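Below is one structure; the comments refer to it alone.
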Amino acid sequence: MSVATEAQRQTATTTPAAAVLELDDLHVAYGAIGALKGVDMVVREGEVVALLGANGAGKTTTLRTISGLHRPTSGAVRFHGERIDGVPAHAVVGLGIGHSPEGRRVFADMTVLENLHMGAYRFKRLRPEDLDRVFTLFPRLAERRTQRAGTLSGGEQQMLAIGRALMGRPELLLLDEPSMGLAPLVVAQIFDIVEEINAQGTTVLLVEQNAAQALRIADRGYVLETGRITMHAPASDLLDDPRVRAAYLGETAH
Ligand code: ATP
């Protein structure tokens, strides 16, 4: 290999991928109470980024603000460099941002199939290949397509919430605590599927309290504490960090 080619290769491997999502000094308040107090974050094309933090740190607020469900009091949300704070939630979906919300929020009285149809509402009609993709990722949903969503197990409801978000064919998928309340085996399954979704080309921003699982599949991670980012680093560094281990991996600090 020539020197020039090697240099070009080096540049290609060290240039970061384009930013898909940028949060710039984001402030969000509920009445007089500030929930986000100047959050800066970037998610690059093809990444899985984990957003970690304790209860009430502001993780859900961050995702809901990206999705257009909350308006920031100041700061910016950019998608491919364009401001999207102020864009209504349904239009944010149309831009290519899918959101699997905290607590899953499936439509309990609708069937699995009807829930998936709801996820495709931005298209005139449902594309069979999108349904095929979801059913290939989650064969359990295919088996239960006519079952009422309210009667699914917690893990199946989580699969449905992710599947429903995928039906909008998102470029960026926001996942709010997919592991919540699920048995370890099911959690591992869900995280494997998130990895697979990412490998198929979807960028992922993953909110989690289960730091060990999240960092296992993430490229980078941010730690949010009472509305402020206190750490950001490659996921492997965060896994090794004594403060992260003590606060989020349940280890006692030495
Ligand atoms: P958890 O892991 O418990 O879901 P979180 O990190 O997702 O927590 P948020 O739900 O974003 O945290 O909440 C951040 C802060 O904002 C908390 O102090 C919470 O009480 C407050 N908050 C969230 N939603 C509202 C609301 N609708 N009205 C008033 N305060 C709110």
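So how many residues does the stretch 208-231 have that are more than 16 Å from the ligand (Cβ to nearest atom) and part of a strand (DSSP E or B)?
Number of matching residues: 1.
I need the full set of residues from the stretch 42-58 which are within 14 Å of the ligand (Cβ to nearest atom) and either under 20 Å from residue 202 (Cβ atoms) or surrounded by fewer than 21 Cβ atoms within 10 Å (Cβ to Cβ) (or both), in order please. Walk me through it before giving the result.
Here is the first cut: in the stretch 42-58, the ones within 14 Å of the ligand (Cβ to nearest atom) are 50-58.
Passing the criteria: 50, 51, 54, 55, 56.
Return the residues of the stretch 61-103 that are at pLDDT 95 or above, among the hydroxyl-bearing types (Ser, Thr, Tyr) and within 16 Å of the ligand (Cβ to nearest atom); say none if nothing qualifies.
61, 62, 65, 67, 73
Give the residue that is surrounded by the fewest Cβ atoms within 10 Å (Cβ to Cβ), with candidates limited to residues of the stretch 31-41 that are at pLDDT below 95 and of a type outside the set (A, V, I, L, M).
31
Within the stretch 131-138, does at least one residue satisfy the condition of being over 22 Å from residue 174 (Cα atoms) and either more than 22 Å from the chain's Cα centre (by Cα) or polar (S, T, N, Q) (or both)?
No, every residue in the stretch 131-138 fails to be over 22 Å from residue 174 (Cα atoms) and either more than 22 Å from the chain's Cα centre (by Cα) or polar (S, T, N, Q) (or both).
Here are 144, 169, 164: which of them is of a type in the set (Lys, Arg), in contact (Cβ under 8 Å) with a residue 60 or more places away in the chain and surrounded by fewer than 22 Cβ atoms within 10 Å (Cβ to Cβ)? If you could, list the steps in order and put the result at the bottom.
Working: 144 fails: in contact (Cβ under 8 Å) with a residue 60 or more places away in the chain; 164 fails: surrounded by fewer than 22 Cβ atoms within 10 Å (Cβ to Cβ).
So the residue among 144, 169, 164 that is of a type in the set (Lys, Arg), in contact (Cβ under 8 Å) with a residue 60 or more places away in the chain and surrounded by fewer than 22 Cβ atoms within 10 Å (Cβ to Cβ) is 169.
So, in the stretch 13-28, of the ones that are of a type in the set (A, V, I, L, M, F, W, C) and more than 9 Å from the ligand (Cβ to nearest atom), which residue ends up surrounded by the fewest Cβ atoms within 10 Å (Cβ to Cβ)?
18
The values are calculated or read from the model by the stated rules, or taken from the named source; none is laboratory data. Here the structure is a predicted model, which is why all the values come from computation and not from measurement. Every residue, glycine among them, receives a Cβ derived from its backbone with ideal geometry; neighbour counts consider all protein chains shown.
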